[in-house]
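Note sheet for the following structure.
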Amino acid sequence: AQSVTQLGSHVSVSEGALVLLRCNYSSSVPPYLFWYVQYPNQGLQLLLKYTSAATLVKGINGFEAEFKKSETSFHLTKPSAHMSDAAEYFCAVSDPGGGADGLTFGKGTHLIIQP
Amino acid sequence: KAGVTQTPRYLIKTRGQQVTLSCSPISGHRSVSWYQQTPGQGLQFLFEYFSETQRNKGNFPGRFSGRQFSNSRSEMNVSTLELGDSALYLCASSLQGAETYEQYFGPGTRLTVT
């Protein structure tokens, strides 16, 4: 079975500072990895995905993530935080071989942007 | 292209009742997945339908069921509601399969059980 661990349920950064949201996964097969963002009272929006191509993945809104197999990590970064980035972020993993669990999500990290 | 739509957006039910939620996927998408989101358990996979067949199922009791129609629209049903069923229910659609292709989520249905 696959699992996802997001370190830090809350992360606070100053506007303009680096954003780093951590995600570690456990999977018995090479996984597909995703980052989603959820704004209050809305569904989830895909930020970026890793599907075994380039290990550095660029997404929307200036976010990027790097797949590191040796560390089983897929951390999300953004060089300069903006107030509009305040939201809940979810890391997710899937088994492209057809696992029975759909997407497995982490518990989420609430990103707070300090003015 | 219109996004994933879910109806209703908000619902209040009483313990013991049953409820049906509806999801219309993005046009052309054949896979519809359902997730339950609660503060305590986070996002949990309920089930996935593909071409009217349930392909995957999460670890939920049989009170949770679903179906998919020939136009890919999907419904999920919860019978004998319990207080713990209060949650945001999210529907997501994808072109082929939930495990391979990115999913597009609807805004969710907020269910409150009293």
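Loop only by DSSP, 13 or fewer other Cβ within 10 Å of the Cβ. Give me the trypsin sites (Lys or Arg not before Pro) in segment A:17-79 that pass, ordered by residue number.
The qualifying sites are A:LYS69.
May I ask you to derive the relative contact order of chain A, considering only C-alpha pairs under 8 Å and at least 6 residues apart, and to give it as an integer percent?
37 percent
Report the full-extension gain for the segment B:ARG9 to B:SER79: residue separation times 0.36 nm, less the Cα-Cα distance, to one decimal in nm. Before the final figure, lay out each step's value.
Working: separation 70, 0.36 × 70 = 25.20 nm, distance 1.87 nm.
So the extension gain works out to 23.3 nm.
Using 0.36 nm per residue of separation minus the Cα-Cα distance, give me the extension gain between B:GLN54 and B:SER27 in nm, one decimal. Walk me through the numbers on the way to the answer.
Numbers: separation 27, 0.36 × 27 = 9.72 nm, distance 1.93 nm.
The B:GLN54-B:SER27 span can extend by a further 7.8 nm.
Most fluctuating residue of A:ASN24, A:ASN41, A:ASN61 in a GNM of chain A with Cα springs under 10 Å: which is it?
Sorting by GNM fluctuation, first place goes to A:ASN41.
Take the Cβ-Cβ distance between A:ALA54 and B:GLN96 as r, set R0 to 25 Å, and report the resulting FRET efficiency rounded to the nearest 0.05. Spell out each step's value before the answer.
Details: r = 22 Å, r/R0 = 0.87.
So, using R0 = 25 Å, E works out to roughly 0.70.
So if I place +1 on the C-beta of Lys and Arg and -1 on the C-beta of Asp and Glu, and nothing else carries charge, what would the dipole magnitude of segment B:56-114 be about its Cα centre? I want it in debye, nearest 20. Please list the in-between numbers first.
Details: 5 positive and 5 negative charges, 30 e Å.
Approximately 140 debye in magnitude.
Can you list the lysines whose alpha carbon is less than 27 Å from that of B:LYS57, not counting same-chain residues fewer than 8 positions off?
Leaving aside lysines fewer than 8 places away in the same chain, those within reach of B:LYS57 are A:LYS49, A:LYS107, B:LYS13.
Treating chain B as a set of equal point scatterers at the Cα positions, no solvent, please give the Debye-formula log₁₀ I(q)/I(0) at q = 0.14, 0.15, 0.16, 0.17 Å⁻¹.
Taken in order of the listed q values, log10 I(q)/I(0) reads -0.50, -0.57, -0.65, -0.74.
Spelling out what I want: for every residue of segment B:5-17, take phi, set θ = phi - 60°, compute 6.51 cos²θ - 1.76 cosθ + 1.60 (Karplus), and round to whole Hz; glycine and proline get x.
Per residue, the Karplus-derived 3J(HN,Hα) values read 10, 10, 9, x, 7, 9, 8, 10, 10, 9, 3, x, 6 Hz.
In sequence order, what are the phi-derived ³J(HN,Hα) couplings for segment A:12-22 according to the Karplus relation 6.51 cos²θ - 1.76 cosθ + 1.60 with θ = phi - 60°, rounded to whole Hz, with x for glycine and proline?
Those phi angles translate into 10, 9, 7, 4, x, 8, 5, 9, 9, 10, 9 Hz.
Answer with one residue from A:VAL57, A:THR77, A:GLY8: the one whose Cα lies farthest towards the positive end of the charge dipole of chain A, charges on Cβ with Lys, Arg +1 and Asp, Glu -1.
Value: A:VAL57.
Can you pull out the GluC sites (Glu not before Pro) in segment A:14-86 whose DSSP state is coil and whose Cβ has at most 16 other Cβ atoms within 10 Å?
A:GLU15, A:GLU71
Convert each backbone phi in segment B:104-109 into a coupling constant with the Karplus relation 6.51 cos²θ - 1.76 cosθ + 1.60 (shift: θ = phi - 60°), then list the ³J(HN,Hα) values in order as whole Hz, x for Gly and Pro.
So the Karplus estimates, Gly and Pro as x, are 10, 9, x, x, x, 10 Hz.
Give the accessible surface of chain B per residue, rounded to a whole number of Å², with probe radius 1.4 Å and ligands, DNA and RNA excluded. Mind dumping the intermediate values first?
Working: 5180 Å² over 114 residues.
Result: 45 Å² of accessible area for each residue.
Can you tell me the dipole magnitude for chain A around its Cα centre, using point charges on the Cβ only (Lys, Arg +1; Asp, Glu -1), in Debye to the nearest 20?
Dipole about the Cα centre, nearest 20: 120 debye.
Considering only DSSP states other than H, G, I, E and B, which chymotrypsin sites (Phe, Trp or Tyr not before Pro) in segment B:54-114 qualify as loop sites with at most 14 other Cβ atoms within 10 Å?
B:PHE69
The values are calculated or read from the model by the stated rules, or taken from the named source; none is laboratory data. Everything quoted here is computed from the prediction, not taken from an experiment. Glycine also receives a Cβ, built like all others from the backbone with ideal geometry; neighbour counts cover every protein chain displayed. Please note that ligands, DNA and RNA were not included when accessible areas were found on the heavy atoms of the full protein model with its side chains. Shrake-Rupley method; radii C 1.70, N 1.55, O 1.52, S 1.80 Å.
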